[in-house]
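**Q** The structure's right below; bear with me while I get my questions together.
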Amino acid sequence: MKIYCLTDMHIDVPYDSFVNISLDNLNLHRANLVNGDLSGSSLVNSNLRGAILYNANLERCNLQKANLITIDLRMANLARANLKECIARFALFENANLEGGDLEDADVHGADFRGAILKGTVMKCYDLDKAELKNAVFDDKTVWPDRFNTILNGAIRV
């Protein structure tokens with residue numbers, strides 16, 4: 001299969017699908033994976049800067065230490081995804097499902113979580129106070145940084 005990037009660099013991967021595969025350490029800068037199913041896959045330390053994964057299925061994906069700067073993950077399913085230590089500056093998580101995900105030590109400066117589902121999500125991120133959380137929903141299992149005021153930042157407890 002081939003991953004098409006808007007940089008005119010395309011990546012050939014030796015798989016018949018993107019489900020449960022390893023895409024670790026790849027340069028997927030501006031990859032176009034709209035509506036893609038990458039569930040259960042590993043993208044550890046991959047460069048997904050500016051990639052378009054609108055409405056993609058990334059359930060249980062391992063994105064630890066990935067470069068997610070300006071990535072488009074609007075409407076994406078990131079349930080139970082590992083996003084520890086990723087760089088998600090100015091990433092778009094608008095209306096994404098991050099339920100049960102882990103963003104511990106992720107850099108989310110300028111990220112947009114408006115309307116995202118954050119139930120049971122570990123949100124102990126860097127610069128969370130500089131991210132947009134308006135109408136993001138969370139529950140008692142969501143883990144926030146100490147002294148972070150969720151309501152003041154626009155999130156809604158359900």
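**Q** Would you mind stating whether Ala131 is crowded, with 22+ Cβ neighbours inside 10 Å, closer than 15 Å to Phe148 by Cα and small (Gly, Ala, Ser)? Working first, answer last.
**A** Values: crowded, with 22+ Cβ neighbours inside 10 Å: yes; closer than 15 Å to Phe148 by Cα: yes; small (Gly, Ala, Ser): yes.
Yes, satisfied.
This table checks each residue for (1) over 24 Å from Asp105 (Cβ atoms); (2) buried (at least 20 other Cβ atoms within 10 Å of the Cβ); (3) under 11 Å from the mean Cα position of the chain (by Cα).
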{"residue": "Tyr4", "(1), (2), (3)": "yes, no, no"}
{"residue": "Thr7", "(1), (2), (3)": "yes, no, no"}
{"residue": "Ser17", "(1), (2), (3)": "yes, no, no"}
{"residue": "Ile21", "(1), (2), (3)": "yes, no, no"}
{"residue": "Asn47", "(1), (2), (3)": "no, no, no"}
{"residue": "Ala56", "(1), (2), (3)": "no, yes, yes"}
{"residue": "Leu63", "(1), (2), (3)": "no, yes, yes"}
{"residue": "Ala66", "(1), (2), (3)": "no, yes, yes"}
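**Q** Considering only residues that are hydrophobic (A, V, I, L, M, F, W, C), closer than 19 Å to Val44 by Cβ and out of contact with any Gly (no Cβ under 9 Å at 6 or more places or on another chain), which ones fall in the stretch 64-87? Break it down stepwise before answering.
**A** Step one: of the stretch 64-87, the residues hydrophobic (A, V, I, L, M, F, W, C) are 66, 68-69, 71, 73, 75-76, 78-79, 81, 83, 86-87.
Checking the rest, the ones that are also closer than 19 Å to Val44 by Cβ come to 66, 68-69, 71, 73, 76, 78-79, 81, 83, 86-87.
Once the filter is applied, which keeps residues that are hydrophobic (A, V, I, L, M, F, W, C), closer than 19 Å to Val44 by Cβ and out of contact with any Gly (no Cβ under 9 Å at 6 or more places or on another chain), the stretch 64-87 yields Ala66, Leu68, Leu73, Ala76, Cys86, Ile87.
**Q** Under 7 Å by Cβ, and 6 or more places apart or on different chains, what pairs join a residue from the stretch 138-155 that is on the phi > 0 side of the Ramachandran plot with one that is assigned to a loop (DSSP other than H, G, I, E, B)?
**A** Close Cβ pairs (under 7 Å, with a partner that is assigned to a loop (DSSP other than H, G, I, E, B)) amount to Gly154/Leu133; Gly154/Lys134; Gly154/Asn135.
**Q** Would you say Asp129 is of a type in the set (Asp, Glu) and either farther than 22 Å from Leu26 by Cα or under 11 Å from the mean Cα position of the chain (by Cα) (or both)? Spell out the reasoning first.
**A** Working: of a type in the set (Asp, Glu): yes; either farther than 22 Å from Leu26 by Cα or under 11 Å from the mean Cα position of the chain (by Cα) (or both): yes.
Spelling it out, Asp129 is indeed of a type in the set (Asp, Glu) and either farther than 22 Å from Leu26 by Cα or under 11 Å from the mean Cα position of the chain (by Cα) (or both).
Read the figures in this text as sums done on the coordinates, not as results from a lab. Because the structure is predicted, anything quoted here is derived from the model rather than measured. Glycine also receives a Cβ, built like all others from the backbone with ideal geometry; neighbour counts cover every protein chain displayed.
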